[in-house]
Amino acid sequence: MPRSHLPVDRGRFLVDQDDAGRPAWPCSGDNVRKQLFADRQVLPGAGVAINGLPFRIVGLMPPRTRAAVTNAWTATRSTFLTPTMMRDLPPADPNFQPGILTDLIYVPGLADGWKDARTQVTPLLARNHHFDPEDTGALYFWDTVENAHWWTACSPPLTASWHQSPW
């Protein structure tokens, strides 16, 4: 299943078949690419070793530009398939236990559907992780769409005016 919510500039994004054989890894962000390869040109298919394990780059995220605020998050990230991560790069946190979910990023089909999406996600997570879906303290949501609606409702419109000094 393709993960098409992140932009790919060259190559492609990961697919489930990339976990078979030699692990694949897209060098997601510009900062990661610069740290690993400096000014050398990197193309999909290039190899890189992480913790002594060989990986093959299948895709590169677009470079971050001054106006590209939307890909600021991807500039410092790399993306792996979960089976690859668990097998080859397990978490070093001593509190980690298999099955613990720390972050979940989901994107509703339409921005106006954010409430419906949360209504669908919460009971599913509650069932799979054994908590009461009505327990408002069981999950923390950082919902950027909800925050934007709240901020728009609470903030007066920004205006600028020019006043001549009385001095």
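The values are calculated or read from the model by the stated rules, or taken from the named source; none is laboratory data. This is a predicted model, so every value here is computed, not measured. For neighbour counting, all protein chains shown are included, and Cβ atoms are generated from backbone atoms with ideal geometry for every residue, glycine included.
The lone criterion from (1) part of a helix (DSSP H, G or I); (2) touching a Lys or Arg at 6+ places or on another chain (Cβ under 6 Å) left unmet by LYS34 is number (2). Within the stretch 88-114, being outside any loop (DSSP other than H, G, I, E, B) and touching a residue at least 24 places away in the same chain (Cβ under 8 Å) holds for ASP88, ALA111, TRP114.
Being touching a Ser or Thr at 6+ places or on another chain (Cβ under 7 Å), in a loop (DSSP other than H, G, I, E, B) and either surrounded by 13 or more Cβ atoms within 10 Å (Cβ to Cβ) or not assigned by TED's automatic domain parsing to the domain that holds ALA24 (or both) is a description that applies to THR79.
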